[in-house]
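The values are calculated or read from the model by the stated rules, or taken from the named source; none is laboratory data. For clarity, every value in this text was computed on a predicted model and none was experimentally measured. Virtual Cβ from ideal backbone geometry, glycine too; neighbours counted across all protein chains shown.
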Amino acid sequence: MSVDLAPPRGLSTLHLQFRRFRQNRLAMVSVVVLALIVALCFLGPFAFPFTGEDADFDNISAPAALQWPHLFGTDDFGRDLLVRVLEGGQVSLTIGFLGALVAGVIGVLYGAVAGYAGGRADGLMMRLVEILYGFPYVILVILLSLLFGGGNLALFAAIVFTLWLTPAVIVRAQAQSLAQREFVQAARAGGMTGRQIVLEHIVPNCVSVVIVYGSLLVPEVILSESFLSFLGIGIKEPQASWGNLIQTGTAAMDTDLRLLLLPGGLLAAVLLCLNFIADGLRDAFDPNDR
Amino acid sequence: MTASLLSIRDLTVRFRLPQGQAVAVDGVSLDVAPGEVLGIVGESGSGKSQILYAMMGLLAANGRAGGQVLFQGQDLLALPPRDLDRVRGQALSMIFQDPMTSLNPYMRVGDQLAEGLIVHKGLSRAQARAEAVRMLDRVRIPDAAARARRFPHEFSGGMRQRVMIAMALLAQPRLLLADEPTTALDVTIQAQVLDLMADLARETGTAIILVTHDLGVVARLCDRVVVLYGGRVMEEAPAETLFDSPAHPYTRGLLAAMPRLETALTPRLGTIPGTPRSGGTATGCPFADRCAVRLPHCATTRPALHELRALGSGRRSACHLSEPAP
């Protein structure tokens, strides 16, 4: 075996971790599958001459005949099922990734500040988190729907509002131990302000934890969007999302399974991929597992 | 003596603990002249590091510092945080004990060095980077320009400590605080790192306070030595005379416990019997319990730090034995 010659530019721990991640075959397959599904959801509908909200009254409840243009048939309003599922995927995936991102950013910053500040500020900030944890989720969504007049924004706000708490707690614990590390002391001794220390020293050092947790957060958000839409307090008809498509599908599952299977299958595939990716990331980033 | 750069007056550091108060530093006064290398020696728990932390405003959350730390005419303890940030990292900087944890593992070494220059000197990123590379070169990091783009985990321990020295000296501070800078290093490179630090400080006229429990280090580098025990100054002397004629019984004990070439054949090193008292303020001399030549009133009356004219200039000790008769 030959010894690696030093690369011209130093490799960060993060680089090395991603290199390790790339060696995980299952996770890489999941990345490819997920990328395909995302591309299909966002580009696929352009291939059809109609949108998911256009009703084709000549073909109401057409079966999945794999015939152009209604490859998987239509629902009982004559809307193309495949296009609706793909458009629903756009909504679900957007909310999933955006929600996880926003919740993650808020949580990371909040946790990093609390953990670094310590003392009374930390105590107050964490008590607030605990109070919010105690809020019943579904009631919160209903309240926010009333506040925002329903719709996607209310749903998004409700999801972010409940899901930033866990990253905040995780990062705060990490930040607390980082604040005691000598390089943070050294930065303070070097006259860095609290803001600079949090942004340049605390947050980057939480990155591995955040990436691992964030990869679990995405399926969680997608799932809770679907759950709420399934209950009818999320995305509303005629706009499609995987949640409300599955809900329509369950209503008709005695007679026509495909209305349930197509959106349900895609949701399951996405969640499975995301979980495999999360698993791969955890394996690559966990320092105890080398 | 020239006007001092730093003068600490009656510094106390206390920690609030569930079971009461712990006094880590108990009325320490000392001065540092510009360009001088002052050693603070003492065993673990003597409060030597806490003096530095108090000066830098880095005490743990339950710690409180009292007294005065006059640095270039400003009392650091009374300074608002914003002004303290300006002093720290510019006129005053610090090297920590463990180079393995003193560098941010997620930041390229050059960027970490440049950070301070951007913040304090308002240099552009490119200028600061160039300056950082120049400094890395001066601390003899081979191929500094390439190394600056690497991460700390790609450096050895000795190299990291040299990076820390570079970082501390980059802003050309007036005073450098070094908290046992070589304890975490291999003995074979300790001397090399210390000499480098002292040489660079001499070139730039930077004064150093070197906290250590290694008397060999003190003998090698320091102009003056303060011996600390139980948070109090036991003895203060120019380095060369301290080793020849230690005045305080504690200093004598410390020196007896130091291995020397000429005594290498004696079977055992000396030790000081007993352990340091923990917590609380002693009414008398903190060393009284362990002192071999204790007098009856040692445990009840606190000996004051007094001049020892007979032993030469600049020598002071806090022991009843050497006190001039009242």
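Key figures
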quantity	calculated
Lone unmet requirement of (1) in contact with a Gly (Cβ under 6 Å, 6 or more places away or on another chain); (2) surrounded by fewer than 22 Cβ atoms within 10 Å (Cβ to Cβ) for residue B:126	(1)
Criterion: crowded, with 20+ Cβ neighbours inside 10 Å, at pLDDT below 70 and within 14 Å of chain B (Cβ to nearest Cβ) - qualifying residue of A:10, A:52	A:10
Per-region count, region A:189-204, residues assigned to a helix (DSSP H, G or I), closer than 27 Å to residue B:49 by Cα and within 9 Å of chain B (Cβ to nearest Cβ)	5
Residues of region B:85-100 classified as surrounded by fewer than 19 Cβ atoms within 10 Å (Cβ to Cβ) and over 25 Å from residue B:194 (Cβ atoms), total	1
Candidate set from region B:177-213 (those that are of a type in the set (D, E, K, R) and under 25 Å from residue B:69 (Cβ atoms)); member that is surrounded by the most Cβ atoms within 10 Å (Cβ to Cβ)	B:179
Flag if residue B:24 is farther than 24 Å from residue B:98 by Cα, of a type in the set (Gly, Ala, Ser) and more than 14 Å from chain A (Cβ to nearest Cβ)	no
Condition met for residue B:224 (surrounded by fewer than 17 Cβ atoms within 10 Å (Cβ to Cβ), closer than 18 Å to residue B:6 by Cα, more than 14 Å from chain A (Cβ to nearest Cβ) and among the basic types (Lys, Arg))	no
When residues of region A:209-253 are limited to those that are among the hydroxyl-bearing types (Ser, Thr, Tyr) and part of a helix (DSSP H, G or I), the one nearest to residue A:158 (Cα to Cα)	A:224
Index of the failed condition, residue A:208 passing every other in (1) within 14 Å of chain B (Cβ to nearest Cβ); (2) over 25 Å from residue A:30 (Cβ atoms); (3) under 18 Å from the mean Cα position of the chain (by Cα); (4) among the small types (Gly, Ala, Ser)	(2)
Where residue B:185 falls short, out of the listed (1) farther than 28 Å from residue B:209 by Cβ; (2) in a loop (DSSP other than H, G, I, E, B); (3) touching a residue at least 12 places away in the same chain (Cβ under 8 Å)	(1)
All positions within region B:142-160 that are more than 18 Å from residue B:188 (Cβ to Cβ) and free of Cβ contacts under 8 Å to residues at least 40 places away in the same chain	B:143, B:144, B:145, B:146, B:147, B:154
Top-ranked residue in region B:9-51 [being outside any strand (DSSP E or B) and among the small types (Gly, Ala, Ser); ranked as nearest to residue A:185 (Cα to Cα)]	B:49
Output for region A:200-228, where each listed residue is farther than 21 Å from residue B:106 by Cβ and free of Cβ contacts under 8 Å to residues at least 24 places away in the same chain	A:227
Residue list for region A:188-208, filter: aliphatic (A, V, I, L, M) and modelled with pLDDT of 80 or more	A:197, A:198, A:199, A:202, A:203
Qualifying positions in region B:91-120 - β-branched (Val, Ile, Thr), touching a Phe, Trp or Tyr at 6+ places or on another chain (Cβ under 8 Å) and within 7 Å of chain A (Cβ to nearest Cβ)	B:101
Sole residue being more than 9 Å from chain B (Cβ to nearest Cβ) and closer than 24 Å to residue B:56 by Cβ, chosen from A:120, A:181, A:127	A:120
Answer residue from region B:57-90, given it is charged (D, E, K, R) and facing chain A (nearest Cβ under 9 Å) and is farthest from residue B:133 (Cα to Cα) among those	B:82
Tally, over region B:227-256, of residues that are within 16 Å of residue B:37 (Cα to Cα), surrounded by 19 or more Cβ atoms within 10 Å (Cβ to Cβ) and not small (Gly, Ala, Ser)	3
In region B:149-161, residue surrounded by the most Cβ atoms within 10 Å (Cβ to Cβ) [restricted to those that are facing another protein chain (nearest Cβ under 9 Å) and in a helix (DSSP H, G or I)]	B:152
Search result, residues across region A:225-252 that are surrounded by fewer than 19 Cβ atoms within 10 Å (Cβ to Cβ), among the aliphatic types (A, V, I, L, M) and either at pLDDT 80 or above or under 18 Å from residue A:82 (Cβ atoms) (or both)	A:252
